[in-house]
Amino acid sequence: MTAPTRREFAAVAAASACAATAAADPPAPPPTRPFLTPAGEFRDVSRGSPVPHTLRGPAQVAARLTPETWRLELTADPAIEEPHTKQPASIARPLTTAAGTALDLTALLDLGKAHQVHFLKAMQCLNIDTPLGQGLWTGVPLREVLKLAGRMNNVRRVYFYGFHNNDPKQRFQSSVDYTHAMETPPGELPAFLAYRLNGEPIPPERGGPVRMVVPWSYGFKSIKWLQQISVTNNPRNTDTYAEGNNDPEAVLKSAAFSDRVPEKLPADRPLTIRGVVMCGPSGVRRVEFWVRRVEPDSPALADDAPELLRAPWAECPLDPQPDWGSVFPVGVRPQDVLGFDRTTGRPREWPLRYSVAPFTATVRGLAAGRYEFRARAVDLNGFAQPEPRPLQKTGKNGILVRRFEVG
Ligand SMILES: Nc1nc2c(c(=O)[nH]1)N[C@H]1C(S)=C(S)[C@@H](COP(=O)(O)O)O[C@H]1N2
Ligand SMILES: [Mo]
């Protein structure tokens, strides 16, 4: 899928409008993106008919998608599978609407008073070639919610899903294994139930009132309109995305994503091309770029073409870190955000894991002609994008090609 995002459209339109109205002036460089994407400007990936976030009024109330009506059920999956799985999962205190024990938003926010976490995460779809948006997400770790159920037995995975019109065929489901849910290693981010995005309640389009956020994974694990958690002794991953030939345990790949560029650029001044680099668990050593001269009939270059592998890739600087005090919403101090140092209020590593950081390439001295721009990330293991996982169904990290003409 290559349809431009709303912001990319705006940037390209602004640049070409400027060129058309003032021929003597260079096209304005695309505006620098805000570090946090406003909730309404994320690219939306929502299944369903009708899509749950379009429900209004009584339909929204009936779906329990308002803050007052929202409930979370936490139950044990009774399934067994002879001969190997003889005992079903069990929990001491199920939370169900039938028994009046389901968790409501007030109770979840109360849990947040003791256990709330904030962190930056860029949402990325495994099947779309650029990240969807980056947010400051606030909520309660999944492990704290699971503890409410008391003693558990025979639990190997945690399945979860959101509202989907009570039509099982429309259910969009995901999961994590028990260990990932409960044992967050130091410095790692927990899977959590988010109730705020950029300091505001999560709007329906982004999965509010409550959304699961699984920091290390692609978007399909971050279930919107969360309403059901079911612990299971089924050892299998039954994620909806597995049905689409995706690796349902893929973790985010480190990858650079360059922005679209205007089709025509001036010859007499440096060109500025921006983008963002996603930081997966393998980190980002550097971002590099390469500009290739092409003719109208030049064949496309594969990501592993010898010409590309031997090309003179140049280091592309990351932008300076933003002024954190002004990036975060009122009431969120940088030192309280996971991944930030408790005393200095600065990120402990940069780029921050599971978030995107902007980069800017400056290209000088291009003669009139046609070109392709590419940027790629090199991770801390020395792998240059798309290695070590060129298989795109394990993580979207193809090298984006931006074509333009100079002069
Ligand atoms: N309930 C539900 N959750 C969902 C989806 C969905 O269709 N239904 N889509 C998933 C996919 S595939 C992605 S990539 C992200 C997209 O998040 P966004 O729409 O907030 O950008 O949500 C995920 N969560
Ligand atoms: Mo997705």
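Overall shape: prolate for the chain, with the ratio a/c of the largest to smallest alpha carbon gyration tensor axis at 1.5 or above and a/b above b/c. Between residue 98 and residue 300, residue separation times 0.36 nm minus the direct Cα-Cα distance comes to 66.8 nm.
Overall, the anisotropy analysis places the range 264-407 in the oblate class: the square-rooted eigenvalues a ≥ b ≥ c of its C-alpha gyration tensor yield a/c not less than 1.5, with a/b not exceeding b/c. Subtracting the Cα-Cα distance of residue 249 and residue 62 from their residue separation scaled by 0.36 nm leaves 64.0 nm. Quick one: among 124, 321, 385, which has the greatest mean-square fluctuation in a GNM of the chain with alpha-carbon springs under 10 angstrom? Greatest mean-square fluctuation among the candidates belongs to 321.
Highest mobility in the GNM of the chain, judged by mean-square fluctuation with C-alpha springs under 10 Å and restricted to 329, 351, 248, is found for 329. Comparing Cα centroids, the range 287-332 and the range 348-407 end up 3 angstrom apart. Positive contributions from Lys and Arg (+1) and negative ones from Asp and Glu (-1), summed over other residues with Cβ under 13 Å from the Cβ of residue 314, come out at +3. Between helix 6-21 and the chain there is an angle of about 20 degrees, using the helix long axis and the longest principal axis of the Cα atoms. In order along the range 220-236, the Karplus-derived 3J(HN,Hα) couplings, from 6.51 cos²θ - 1.76 cosθ + 1.60 at θ = phi - 60°, round to 5, 8, 8, 5, 8, 6, 4, 9, 9, 10, 10, 8, 9, 9, 7, x, 8 Hz, and Gly and Pro are given as x. Ordering 205-218, 109-122 by mean Cβ neighbour count within 10 Å, with the highest value first, yields 205-218, 109-122. Using modelled amide H (1.01 Å from N, peptide plane; none on Pro or chain starts), what sits under 5 Å from the amide H of residue 126, excluding residues fewer than 5 places away? Excluding prolines and chain starts, which carry no amide H, the hits are 219, 220. Phi-derived couplings, Karplus 6.51 cos²θ - 1.76 cosθ + 1.60 at θ = phi - 60°, listed residue by residue for the range 53-63: 6, 8, 5, 9, x, x, 5, 5, 5, 4, 7 Hz, with x used for Gly and Pro. 3J(HN,Hα) along the range 194-207, derived from phi through the Karplus expression 6.51 cos²θ - 1.76 cosθ + 1.60 where θ = phi - 60°, amounts to 8, 10, 9, 10, 6, x, 10, x, 6, x, x, 5, 8, x Hz, with x in place of Gly and Pro. Leaving out same-chain residues fewer than 8 places away, which lysines sit with a Cα under 18 Å from that of residue 147? Partners found: 113.
Building the convex hull from the alpha-carbon atoms of the range 39-244 and averaging its projection over directions returns 11.8 nm². Using only side-chain charges placed at the Cβ, +1 for Lys and Arg and -1 for Asp and Glu, the dipole size of the chain relative to its Cα centre rounds to 380 debye. Counting charges near residue 111 (Lys, Arg +1; Asp, Glu -1) among other residues having Cβ under 15 Å from its Cβ returns a value of +3. Taking amide H positions as modeled 1.01 Å from N, with prolines and chain starts lacking one, the residues under 5 Å from residue 282 and 5 or more places away or on another chain are 254.
Quick note: the coordinates plus some simple rules give every number you see, no bench work behind them. Remember, predicted model here, so these are calculated numbers, not experimental data. Because the Cβ atoms are built from the backbone with ideal geometry, glycine has one as well, and the counts that use them run over all protein chains shown.
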